[in-house]
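The values are calculated or read from the model by the stated rules, or taken from the named source; none is laboratory data. All values reported here derive from a predicted model rather than from experimental measurement. All Cβ positions, even for glycine, are placed from backbone atoms using ideal geometry, and neighbour counts span all protein chains on display. Side chains are part of the model used for accessible areas, which takes the heavy atoms of the whole protein and leaves out ligands, DNA and RNA. Shrake-Rupley method; radii C 1.70, N 1.55, O 1.52, S 1.80 Å.
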Amino acid sequence: MSLITLTDLHKSYGPHEVLKGISLTIEAGEVIALIGKSGSGKSTLLRCINGLEPFQRGGIDITGLPVTTNPAELRALRQRVGMIFQQFNLFPHMTVGRNVMLAPMVVKKQSKAHAEATARQMLDRVGLAGRFDSYPGQMSGGQQQRVAIARALAMEPLALLCDEITSALDPELVNEVLAVMRDLARQGMTLVMVTHEMRFAREVCHRLVFMHQGRIHEVGPPAEIFTAPKTTELRQFIGLEPV
Amino acid sequence: MMAFSTWDIIRNLLLATRWTIALSLAAFIGGGLLGFLILVLRIIPSRAAGLAARAYIEIFQGTPLLMQLFLAFFAPALFGMNVPAWVAAFCALTAWSAAFLAEIWRGCVQAVPLGQWEAGASLGLSYAAQLRHIVLPQALRLAIAPTVGFMVQVVKGTALTSIIGFVELSKAGSIITNATFAPFTVYGCVALIYFALCWPISFGSRWLEGKLNVAHHAH
Amino acid sequence: MTYHFDFGAVLVYWPALLHGVLITLELTGFGAVLGVGLGIVCAYIRLGGPRPLRFIIGVYVEMIRNTPFLVQLFFIFFGLPALGLSLSAIAAAILATVINLGAYSTEIIRAGIEGTPAGQTEAGASLGLTKFESFRHIILKPALARIWPALSAQIIIVMLGTAICSQIAVQELTYAASFIQSRSFRAFEAYFVVTALYLALAILLRQTLRLGGKFLFPWERSR
Ligand SMILES: Nc1ncnc2c1ncn2[C@@H]1O[C@H](COP(=O)(O)OP(=O)(O)OP(=O)(O)O)[C@@H](O)[C@H]1O
Ligand SMILES: [Mg+2]
């Protein structure tokens, strides 16, 4: 059974239809990049999968559970799917350790000792073992984004959704975050990410999904997408054809 | 003893409300004029003036209005003068309002970006001309809503003048209570009259704030 | 005619002054803690509670903010006994103070909560927190930190406002002044000394609240 199944997903903001029938299945352990022009609906798609945006038609199904608008069901679902944001969204008033411990303690009712042990382990995994007691405000953007990854990992999700997680970073900080993502991919984590880092997408992802005007235009392994694009839009997007 | 109907109570309270309104307006205008003077002292580039203005604001914002009223009432007696309650009330409320208005307006002046002063200076305008032609007009726009809002504080402040014996709405309430033994009704009516005076002002202030801010964001 | 100031005649009553300071601080302390607590609850309900409750809190906030504290106090102390609710002077004073600060802090805290960046709420949601858990762990503290200066200013205004409680014979600082002037016949000196004490209290309270803010919101220091 696949991990995430999207069937004919439609989403509008008022009269403006942003997702016009998206169908896609994602297997456990798959690493997928959503690519496409600005405004093509990539973020909206990720936010729908995480239940942050309601949708009008079609369905999303995660390990057999549908994404609904019922708060209790949504919470159960979000424990299986973590989300990492472009702007990190760390909690500024908590230390890094507390940021990571919060959801395991509050949502999963773990003991403090247990949550702390997990938090230390996850921070170690993203290369920030020594920063447990720092505040987010004392860290660089790259470090903050790695904390955000650790925070999501601490909930032991089945999949991570990542929306342009390196776009807010200074160029020299991008690689430290991508390195963490590469490790996660190698360890078999299911990743669905929106990214403009084409080299990274090519090297790490199993499949690329090219979105255009609210539809999935082409799907395929990186080699195919980059060397044999079928549609004009994709050829324009990857720069093989003038716009 | 004469019997009071609810209508008598309300009529007497409304008559006393005239004095609340008159005192509020007088103190607001007096406070505005004095406050502007203190604002100018506060922002001109003179250390002594700035210090004096800050001390003034600190003292009048850092002590109870009631104490200011008492002192205004008792101080003239030291010189053998007896001032009527309304004079003491007007003086104290004016001095008190001036401190708050000066501070509100200073915030508005500070909210005008430094670049505006600099642009004025680069055009060769004197300090006074920068203030007069560039900064104050912009600050004025920001100041309208909070200034109107402060009017509510002045109206409520006048209630304290009842304590030194000025007969306005609150004092009338106490007098009528003593005559009718109906404190619940009387103070309830007093509260409603204050509300009827203040709420439209509060509402207006918020409305102005929304309106001016929207216009502000638009360009 | 010259007047000879005699502050000594007032200062010999220092025990009354000290007692007054303590009662003023007691009123302020209860008022601040309970009033801000009330404000937090009301702000939470006003932003996300059921409609009727939101409306009731709106009426409460507007009623209190648009009537004088003096009238609120008199209504509670003189008026409520008509409904069978008689309170001692000090209890009425504390209740009035809490209700008054509660209304102001509702508005102040609400503004703080509304300043929460959307990303914070979304991060909480995506981690599976309920609305209330998000409020308690993620939203509240930064919101309080944002509006701490405004809240501190309001607490000081309330402290100065407790002077009015002397009118229902609560033995706070202003009451001490009246008491001393009736004994010493030195009205000006008595009120002058007490005014100075209020100023000192206001400055002290402001510094305490500033330090309290540093202690409560330590992450702000690292900025
Ligand atoms: N909250 C919203 N209300 C109304 N319209 C929205 C909202 N969020 C997004 N949109 C619209 O939906 C469309 C898709 O937006 P989305 O953010 O999903 O694009 P994207 O592919 O992530 O683009 P980018 O690469 O710029 O992040 C855009 O046209 C955008 O204007
Ligand atoms: Mg996007």
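Numbers for the structure displayed
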| read-out | value |
| --- | --- |
| Considering residues of the range B:151-171 that are more than 9 Å from every other protein chain (Cβ to nearest Cβ) and open to solvent by less than 10 Å² (accessible area, probe 1.4 Å) only, the residue farthest from B:THR94 (Cα to Cα) | B:GLU168 |
| Odd one out for A:ARG47 among (1) away from ligand 2 (no atom under 16 Å from the Cβ); (2) within 14 Å of chain C (Cβ to nearest Cβ) | (1) |
| Given (1) open to solvent by 10 Å² or more (accessible area, probe 1.4 Å); (2) part of a loop (DSSP other than H, G, I, E, B), number of the condition A:ARG47 does not satisfy | (2) |
| Residues of the range C:65-102 classified as outside any helix (DSSP H, G or I) and surrounded by 22 or more Cβ atoms within 10 Å (Cβ to Cβ), total | 3 |
| Meets criteria (open to solvent by 60 Å² or more (accessible area, probe 1.4 Å), outside the structural domain of A:ASP183 (by TED's automatic domain parsing) and not in a helix (DSSP H, G or I)) for A:SER12 | no |
| The one condition in (1) more than 16 Å from ligand 2 (Cβ to nearest atom); (2) open to solvent by less than 20 Å² (accessible area, probe 1.4 Å); (3) under 14 Å from A:ILE216 (Cβ atoms) that A:ILE35 fails to fulfil | (1) |
| Lone unmet requirement of (1) closer than 30 Å to A:THR7 by Cα; (2) open to solvent by 20 Å² or more (accessible area, probe 1.4 Å) for A:VAL81 | (2) |
| Residue match in the range A:92-105 (condition: closer than 23 Å to A:MET193 by Cα, within 12 Å of chain C (Cβ to nearest Cβ) and within 16 Å of ligand 2 (Cβ to nearest atom)) | no |
| Restricting the range A:1-32 to residues that are free of Cβ contacts under 8 Å to residues at least 12 places away in the same chain and within 27 Å of A:PRO71 (Cβ to Cβ), the residue that is nearest to ligand 2 (Cβ to nearest atom) | A:TYR13 |
| Helices (runs of 4 or more DSSP H) wholly inside the range A:146-243 that include at least 3 residues being more than 16 Å from ligand 1 (Cβ to nearest atom) | A:171-186, A:198-204, A:222-227 |
| Residue satisfying condition, being within 13 Å of another protein chain (Cβ to nearest Cβ) and away from ligand 1 (no atom under 16 Å from the Cβ), within set A:LEU65, A:LEU77, A:LEU52 | A:LEU77 |
| Some residue of the range C:123-137 being among the hydroxyl-bearing types (Ser, Thr, Tyr), within 9 Å of another protein chain (Cβ to nearest Cβ) and assigned to a helix (DSSP H, G or I) | yes |
| Scope the range A:165-178; condition more than 12 Å from chain C (Cβ to nearest Cβ), surrounded by fewer than 20 Cβ atoms within 10 Å (Cβ to Cβ) and within 13 Å of ligand 2 (Cβ to nearest atom); matching residues | A:SER167 |
| Top-ranked residue of the range A:111-143 - restricted to ones that are within 21 Å of A:LEU169 (Cα to Cα) and among the polar types (S, T, N, Q), ranked as least open to solvent (accessible area, probe 1.4 Å) | A:SER134 |
